Amino acid sequence: MPLSCEYTWSETPDTVTISIPLKGVSHKTVDISTTSNIIKINFKPYLLDLNLYQNIVEDKSKAVFKDDTLNISLTKETCQRWGQLCFVGSKSEITARREQSLKLRDARTREQTEKAAAQKVDEERLMLREHMALEERERQRMDAVKDREKKKAEDD
């Protein structure tokens, strides 16, 4: 069973910062996973799983490794002080929040994947059009050369 690691946290009205000492741990072996209200940090033999008090903006949050410390800066969804890091509630409330958060993350991931696939198709279509236009210009140039040579031969 994984152990819970030590950490410290602080907040401003718009961010929460979590600092975790990683003495002797390579930053390459640390796995960080976030959703709108969950942050999970896994590095053997430790696991830190926090159900945050309120929601964060995942895309604006970042993690930085410096001096054997992992500093995670989480951007709050609403600018206000939390006063506490973790949500306190019944087990069913915590489970419901977690499930909802994971569903939202899965939907967002699916949407991003579909958007990337559509963008790739659009880029391929654009490249095909450009290639076809290039071939058409080359064909026209070759036709013009042939016409000039034919006209020159007829004149001679």
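The values are calculated or read from the model by the stated rules, or taken from the named source; none is laboratory data. This one's a predicted model, so the numbers in the text were calculated from it and none came from an experiment. Ideal geometry is used to build each Cβ from the backbone, glycine not excepted, and the neighbour counts take in all protein chains shown. These area figures cover heavy atoms from the full protein model, side chains too; ligands, DNA and RNA do not enter into them. Shrake-Rupley method; radii C 1.70, N 1.55, O 1.52, S 1.80 Å.
About the Cα centre of the stretch 71-114, what is the dipole size in debye to 20, counting +1 per Lys and Arg Cβ and -1 per Asp and Glu Cβ, all else neutral?
About 160 debye.
Need the full-extension length gain, E149 to R105, defined as separation in residues times 0.36 nm minus the C-alpha distance. One decimal, nm.
Full extension from E149 to R105 adds 9.3 nm.
Roll a 1.4 angstrom probe over the protein heavy atoms and tell me the percent of accessible area of the stretch 1-68 that is carbon or sulfur.
Ligands and nucleic acids excluded, carbon and sulfur reach 50 percent.
For D67, D106, what's the largest-to-smallest order of accessible area, 1.4 Å probe?
So the residues, ranked largest to smallest area, are D67, D106.
So for the stretch 1-79, taking the charge dipole from beta-carbon charges (+1 Lys/Arg, -1 Asp/Glu), which of F43, I18, L70 sits furthest toward the positive end?
Of F43, I18, L70, it is F43.
Residue separation times 0.36 nm, minus the C-alpha to C-alpha distance between C79 and L3: what's the value?
Taking C79 through L3 to full extension adds about 24.1 nm, to one decimal.
Taking R0 as 41 Å, what's the FRET efficiency between A96 and E123 from their Cβ-Cβ distance, rounded to 0.05?
0.50
Per 5 Å bin from zero, what fraction in whole % of the C-alpha pairs of the stretch 17-61 is there, up to the bin with the longest pair?
In order of increasing distance, the bins hold 5, 19, 32, 22, 15, 7, 1 percent.
Looking at the stretch 1-108, which GluC sites (Glu not before Pro) are in a loop (DSSP not H, G, I, E or B) and have at most 11 other Cβ atoms within 10 Å?
Working: sites: E6, E11, E58, E77, E93, E99; in loops: E6, E77.
Within the stretch 1-108, the qualifying GluC sites (Glu not before Pro) (loop, at most 11 other Cβ atoms within 10 Å) are E6.
Beyond 19 Å, what share of the Cα-Cα pairs of the stretch 83-144 is found? Please give it as a whole percent.
In whole percent, the share of Cα-Cα pairs in the stretch 83-144 beyond 19 Å is 64.
P(r) of the stretch 46-87 in 10 Å steps, Cα pairs, percent per bin?
24, 51, 24, 1
Report, in debye and to the nearest 20, how large the dipole of the chain comes out about its Cα centre when Lys and Arg carry +1 and Asp and Glu carry -1 on their Cβ.
With only Lys, Arg, Asp and Glu charged at Cβ, the dipole is about 460 debye.
Restricted to Cα positions, what overall size does the chain have along the principal axes? Three whole-Å values, descending.
So the three principal-axis extents are 96, 36, 34 Å.
With 22 Å as the limit, write out which pairs from K62/K120; K62/K91; K40/K120; K40/K60; K44/K91 have Cα-Cα distances beyond it, or answer none.
Pairs exceeding 22 Å: K62/K120; K62/K91; K40/K120; K44/K91.
Using the alpha-carbon atoms, what tilt in degrees (0 to 90, nearest 10) does helix 91-155 show relative to the longest principal axis of the chain?
Taking the Cα atoms of the chain, the angle to 91-155 is about 10 degrees.
Give the calculated FRET efficiency between V57 and K23 to the nearest 0.05, with a Förster radius of 25 Å applied to their Cβ-Cβ distance. Kindly include the intermediate steps, with their values, before the conclusion.
Working: r = 30 Å, r/R0 = 1.21.
It comes to 0.25.
Just the number please: accessible area per residue for the chain, 1.4 Å probe, all protein chains included, in Å². Mind dumping the intermediate values first?
Numbers: 11600 Å² over 156 residues.
On a per-residue basis, 74 Å².
So what is the 222 nm mean residue ellipticity for the chain from helices alone, if each DSSP H run of at least 4 adds -39500 (n - 2.57) and you divide by all residues, rounding to the nearest 500 deg cm²/dmol?
Dividing the helical sum by the residues of the chain leaves -16000 deg cm²/dmol.
Just how large is the dipole of the stretch 1-63 about the Cα centre, in debye to the nearest 20, putting +1 at every Lys and Arg Cβ and -1 at every Asp and Glu Cβ?
The dipole magnitude comes to about 300 debye.
Answer with one residue from A118, G83, V145: the one whose Cα lies farthest towards the positive end of the charge dipole of the stretch 80-156, charges on Cβ with Lys, Arg +1 and Asp, Glu -1.
Positive-most Cα among the choices belongs to G83.
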